[in-house]
Structure formats: C-alpha cells, structure tokens
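Following: one structure in structure tokens, then a few remarks.
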Amino acid sequence: MLELSHVYKVFNPNTVNEKIALNDLSLTLNDGDFVTVIGGNGAGKSTMLNAIAGVWRPDAGKILIDGVDVTAMPEHKRAKFLGRVFQDPMLGTAAGMGIDENLALAARRGKFRGLGWGISKAEKVEYKEKLKTLELGLEDRMTAKVGLLSGGQRQALTLLMASLQQPKLLLLDEHTAALDPKTAAKVLALTDRIVKENKLTTLMITHNMKDAIAHGNRLIMMHEGRVILDIAGEDKKKLTVDDLLAKFSVASGSEFANDRAMLS
Amino acid sequence: MDFTSLLNQMPGAIALGLIWGIMAIGVYITYRVLDLADLTVDGTMATGGAVCVMMILAGYSIPVAMIGATLAGMLAGLVTGLLHTALGIPAILAGILTQLSLYSINLKILGAANQIISARKYNLLVSLGKIKGVPFYENPIFVSFVFVAVLIAVLYWFFGTAMGSALRATGNNPSMSRAQGINTNRMKLLGLMVSNGIVALAGALLAQYDGQADVQKGRGAIVIGLAAVIIGEVVFSKLLKNFAIRLAAVAAGGVIYYIVYQTAIWMDLDPDLLKLLSAAVVALFLGVPYLERRFTKPAIKSIAKTKEEKTDA
C-alpha cells in the first residue's frame, strides 16, 4: 500500500543548522496495516508523514502509494490518496466555514470542483447521520462555524472528514497530543472505530507508548531519521512500555532521554 | 453653509458610492475571502476606465466595451497572481509591481494622461448629467444599484459552488485546503482575477460617470475600497450572518463613504487633505479592534458564570 525506499531529507543543508531529518528511510506498509509510530523529538516521525503527504519533495528516494510513484506529485494531487489529521486541531479544518461545509470540502477530495453546488441536500442528510455517530451533538449544529468548536470536537470532525472519501492511507500526526487525557481517549477510540469500519491502512504517530502498544497491529520506532524497530502481530501484543524502553536503548545505543516519551 | 446645496450633492454621492461599492466588493474578495492584500486594484481601476473609454471611442458598443474592461482587469489580476504563485513574490509586493506597470500600460492604452468621452455623443450607461431630469431607469443611482444587485447575486451563487467553496477554504486555511486536494495556487489566481475583473468593471462605470478616463483615477483606490469594506462591516455588524448581506453591507459602506466625503467638502474641508483623512479613517478602523483586544479585559461569559455560581453558593 505504501512504500518508502531510501528516502532522504535534509533541512538547512550546508549551514550550521543542517539537520538530516530522514536518513535512508525505508518502510513498507501492507494493505490494512495500522502502524503506530514512536520515537523521540527530532526522530523524523512528522517529517516522514510530511514526505508522504507531499508538503515538500524529498532530497532522494522514492515514495509509492498503492503502486503509484507520488515522489514528484504535488501535495494537492496526492491528497486523493490520503486522509490527514494534524497535531494542531486548528490545522485540519477551515475555521470560518460551517461544519457541513467542511465535510463537503472533504467529500470532494480528489474530485473536480466545478460550478455545481458546494453542498447538496442529500449530502446534508448524510452528514447529519455521520455526525450522530460521533456522539458530540454536532449534528444539531451543522451550519455552526468550525472555529466555535473545541479541540476535541475539531479532531473528531477532522477524522470524519479524512474518512469520507475512502483514503488509501490515513496519516495521523500526534492527533491527540493537544487534547486533555479524557478527550484524547475518546478521539483514539473513534480513530480505532473509523479505521476498523473503513479498513483503512493507517500510520499513527503518538508520543504515548501505551497508546502505541494498545492500538494497531504493528509498531515502529524511529531514531535519527530511520526505522530502528519494527514489531508486528503477536510480538507486538506482548510488548510492554519497559520492553520498548529497553529495546530503544539497545537499538539506538543510547538512553531514551526524552521526557515526553518517558512520561507515558 | 447652504444645506440645500448639500442635499443637491447627495444623489451624485450615492451614485458614486454605489460605483465604488462595486469596487469595494472586488477588494472584499481578496482582502476578506482570500485573506490577501492586493494592491493591483489601484492600477486596475484606471485600466477598466481606460479600456472602456477607448473601446467606445473606437466604435464598440458600450456592453462590449465594459466586458473588454472587465477582461483587462482579470488579466491584470492574473499577472499579480502569477508573480505571487509562480515566482513566489509576496502578494503585497506582487500587487505593487503590477500596479506600477499598469500605470505605463494605462498611459499607452489612453495615448495620453486623459481621454474625454462625451455623454452627448455616446449613450453612456451611467452619467453625471443624468442624475436629474431623466426617467428613473436611466438614473445612474438606479443603474449602479442594478449592477450591485446582479453582482451580489452572481457572487453569492459562485461562492456556494464547489469551486467557490474551494476558494473560500483557500483563504481560510491553505494547508487544510491542500490536504483536501485543493490547488491553492490556482484558487489564488482565480480569486485575484475575479477581484480585479470586478474592480475594472467599477472603473469602466466610473469613467462613464465622469465622462473621462484618467490615468490618475485609481490612485488610493485600495484605501477607498478598504474604507468601504470596514465601514460596511462596522455599521452593519449585527446583520452580517449571510454572505450576500455581507457584500451588500460593503456596497453600502461605499455609499456611506461618499456621503461623508461629500459632506466634508460641503463643510469647506480642504480637498487636498481628503486622501490623508481617508487613510487616517482606515488606519483607525483597522487599529481599533487590535487595541481593544490588547487593552480591555476580556469579558468571558463562562468565567462570569462560575463566579456567579460561587457567590450563589
């Protein structure tokens, strides 16, 4: 479904701030994989997601989604393959537009946007039903501006938007990090449900090791721009946070000195 | 001061205000919808007048001349858009570059700094001379009003379409828009073209109203346009639920601007100072909301509520 081969990305090349963000990164996702991604700050997790999403072109390497080489494809064109939810709840939605309008925008991902109505009556009925499943009462506020919603509500809406047009790949970039623990748990449960119902191939970055173990069928750990640990199936189910910390020190040859990861 | 002379000036002020209201609607599309300050309009306003007048003088019918003017404006918007999106020049600077080059282009179109078009020889759509003593449907107030109404209807429809929604999303949140598959660069081009087309149309109406196209006509147009946008928003802030009403408020802002302008002249204000005053008014209205946020304590309802509950208990 997704194939990254020998991807490199260097920020601020040839300066004192040079940072090799992705260093010969290779990763293959199978159809239906739900992969959680962990790693310290600057490990290249978000950079990897941005490379897949096409925010910029990698300096070297190839990216294939469902067999299509998207390495040189601009961000808005490969959007048709992707559903994305960002860490910042403000990023995933258009704040000045209605809940219904945001859903309608997402429903047209990868389609030609012509002079037909931006949202049809049938769509409004459909969105109302879908919003009900979020159990946040948003179905009664369909035309409310998204800017009025809370962070959790916005992330739930963004998840729904990401799944409206069945994406080949769902990219979740620490999408619960900005939420309070209770809301984060709700959004994670919703994530599980949407991934399962739509059988989505998913990459989910998280800084919470427990979440990384509890969700998905496969876990990868990144360090210095590459994957240093890749555990799937039964092995993953048996993982504990201590295992992960130990494996990290072995694999990276250093103490896992990132308090954000330690906290969990 | 003779009050009747002011009253006599009012119909003209209203007609002019409506024409500038059309221009302000163009500014609204870039400034509010696309969230982009486009200074091209100072040039496009004059371009619209120049193209319209020269086409009429060359024998084209008035509707054709006005369509030509609109297309010329769209072309100018396209140039600014390409400077911005294809060459990565900041939008404000891209607009200034196009505006400056339009000054030369407008001179070349007109062949001089100024071209007169006589309302006696040509059956102009709007004219200062028709402000009195003509059937109502020839009155420039009526004609400009029809233009405003049709324009608002068309834009209301357009921004409700899938394409128009994509344009609004681009102004709202460009990175979200790209994630939803919207080509934000193309949307910026489109918005700049629509905006400058509308401004040039206003320029074409203004040149007919004045009976001349002048290369200086658009100087400071952006400030008048912004003034109309802001006046409209402030005066009608309670009503601004719906997009069509917002646009109507902007056009009304243009009318209010010209009524105030005319009153200022009637009060013997030095005309040399009018542009300074316009700029000061716009700066004031743009600055006040910022200062309010900085220096007033926010009245957060939920906090007030919890306090009340506490005192209750």
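Just so it is clear, none of the values below were taken in a lab; they were calculated from the coordinates. None of these values were measured; they are calculated from a predicted model. A quick note on method: Cβ atoms are made from the backbone with ideal geometry, for glycine too, and the neighbour counts reach across all protein chains shown.
Among B:R32, A:R108, B:R246, B:R293, rank each residue by its count of other Cβ atoms within 10 Å, from fewest to most, as a rough exposure measure.
Ordered by Cβ neighbours within 10 Å, fewest first: B:R293, B:R32, B:R246, A:R108.
What list do you get for A:L160, B:L239 if you sort them by fewest beta carbons within 10 Å?
By the 10 Å Cβ count, ascending, the order reads B:L239, A:L160.
Please list A:214-221, B:188-195 highest first by mean number of surrounding beta-carbon atoms within 10 Å per residue.
By packing density, highest mean first, the sequence is B:188-195, A:214-221.
Would you calculate the volume per residue, in Å³, of the smallest convex hull containing every Cα atom of the stretch B:1-76?
135
Quick one: P(r) of the stretch A:141-246 from all Cα-Cα pairs, 10 Å bins, percents rounded to integers, in order of increasing distance.
Computed distribution, short to long bins: 13, 42, 33, 9, 3, 0.
Sort largest first and round to whole Å: the equivalent ellipsoid semi-axes of the stretch A:25-72, each the square root of five times a Cα gyration tensor eigenvalue.
Result for the stretch A:25-72: semi-axes of 18, 16, 8 Å.
When ranked by the protection proxy of mean other Cβ atoms within 10 Å per residue, highest first, what sequence do the peptides B:229-235, A:196-202, A:33-39 form?
Final packing ranking: A:33-39, B:229-235, A:196-202.
Could you work out the equivalent-ellipsoid semi-axes for the stretch A:60-179, taking the square root of 5 times each eigenvalue of the Cα gyration tensor, largest first, in whole Å?
Details: eigenvalues 130, 66, 28 Å².
In descending order, the three semi-axes are 26, 18, 12 Å.
Counting only other chains, and only Cβ atoms inside 10 Å, what mean value do you get across the residues of B:178-191?
Mean shielding by partner chains, rounded to a whole number: 6.
What translational diffusion coefficient, in µm²/s and rounded to a whole number, does the Stokes-Einstein relation yield for the stretch A:1-102 at 20 °C and a viscosity of 1.002 mPa s, taking the hydrodynamic radius as the Kirkwood radius over Cα pairs?
Approximately 142 µm²/s, per Stokes-Einstein.
If you average 1/r over every pair of different alpha-carbon atoms in the stretch B:168-291 and take one over that average, what Kirkwood value in Å do you get?
16.8
With Kirkwood's inverse mean 1/r over C-alpha pairs for Rh, give me the Rg to Rh ratio of the stretch B:3-269, two decimals please.
On the way: Rg = 18.1 Å, Rh = 18.5 Å.
With Rg and the Kirkwood Rh in hand, the quotient comes to 0.98.
Place a +1 charge on the Cβ of each Lys and Arg in the stretch B:3-269 and a -1 charge on the Cβ of each Asp and Glu, then give the dipole magnitude about the Cα centre in debye, rounded to the nearest 20. Each step should come with its number before you reach the end.
Numbers: 15 positive and 8 negative charges, 74 e Å.
For the stretch B:3-269, the charge dipole is close to 360 debye.
If you plug each phi of the stretch A:171-185 into the Karplus form 6.51 cos²θ - 1.76 cosθ + 1.60 with θ = phi - 60°, what whole-Hz ³J(HN,Hα) values come out, in order, with x for Gly and Pro?
Using θ = phi - 60°, the values come out as 10, 10, 9, 6, 6, 10, 5, 8, 9, 6, x, 5, 5, 4, 4 Hz.
Within 10 Å of each Cβ in A:83-96, how many Cβ atoms from other chains are there, averaged over the peptide? Can you show the working numbers first?
On the way: counts 2, 5, 1, 3, 0, 1, 0, 3, 4, 5, 5, 11, 3, 8.
Counting Cβ atoms of other protein chains within 10 Å of each residue's Cβ and averaging gives 4.
Counting only the backbone N, which residues of the stretch A:213-236 are under 14 Å from the spot 7 Å out from the Cα of A:S5 toward its beta-carbon?
In the stretch A:213-236, the label zone of A:S5 (backbone N under 14 Å from the point 7 Å along Cα→Cβ) covers no residue.
Counting every Cα pair in the protein assembly as shown, what percent are over 36 Å apart?
48
Determine which aspartates and glutamates satisfy two conditions relative to A:K121: a Cα distance under 14 Å, and not lying fewer than 8 residues away in the same chain.
Candidates past the 8-residue exclusion: A:D100, A:E101, A:E129.
Modelled label-to-label distance, A:K237 and B:S237, 7 Å Cα→beta-carbon offset: nm?
The two pseudo-label positions are separated by 6.1 nm.
Give me the tail of P(r) for the stretch B:33-74 as a percent: Cα-Cα pairs with distance above 17 Å. List each step's numbers first, then the result.
Details: 306 of 861 pairs.
Pairs farther apart than 17 Å: 36 percent.
What are the radius of gyration and Dmax of chain A, computed over its Cα atoms and given in Å?
18.7, 59
Per DSSP H run of at least 4 residues, take -39500 (n - 2.57); add these up for chain A, divide by its residues and hand me the 222 nm value, nearest 500 deg cm²/dmol.
The helix-only estimate for chain A comes to -10000 deg cm²/dmol at 222 nm.
What is the magnitude of the charge dipole of the protein assembly as shown about its Cα centre, with +1 placed on the Cβ of each Lys and Arg, -1 on the Cβ of each Asp and Glu, and no other charges, expressed in debye to the nearest 20?
Roughly 860 debye, rounded to the nearest 20.
Filter the cross-link list A:K62/A:K247; A:K182/B:K188; A:K45/A:K186; A:K19/A:K237; A:K168/B:K188; A:K77/A:K128 down to pairs whose alpha-carbon distance in this structure exceeds 31 Å.
Over 31 Å apart, Cα to Cα: A:K182/B:K188; A:K19/A:K237.
Grab the DSSP H runs of chain B that are 4 residues or longer, score each as -39,500 (n - 2.57), total them, divide by all residues and round the 222 nm result to the nearest 500 deg cm²/dmol.
After summing the helix terms and dividing by the residues of chain B, the value is -24500 deg cm²/dmol.
Among all the lysines, which ones have a C-alpha under 28 Å from B:K121's C-alpha, if same-chain residues fewer than 8 places away are not counted?
Excluding near neighbours in sequence, the set is B:K108, B:K130, B:K132, B:K217.
Within the stretch B:88-122, list the residues whose amide N lies under 14 Å from a label point set 7 Å along Cα→Cβ of A:R57.
Of the residues in the stretch B:88-122, none has backbone N under 14 Å from the label point off A:R57.
Scaled to the compact-protein estimate 2.2 N^0.38 Å, what is the alpha-carbon radius of gyration of the stretch B:1-131, rounded to two decimal places?
The value comes to 1.22.
Sequence-distant or interchain residues sharing an amide H contact under 5 Å with A:A60, placed H: which?
Amide H neighbours of A:A60: A:Y8.
Give the average, rounded to an integer, of partner chain Cβ atoms located within 10 angstrom of each Cβ in B:165-172.
Mean shielding by partner chains, rounded to a whole number: 6.
May I ask you to order B:255-266, B:134-145, A:226-237 by the average number of other C-beta atoms within 10 Å around their residues, highest value first?
Per-residue Cβ counts within 10 Å, averaged per peptide and sorted highest first, yield B:255-266, B:134-145, A:226-237.
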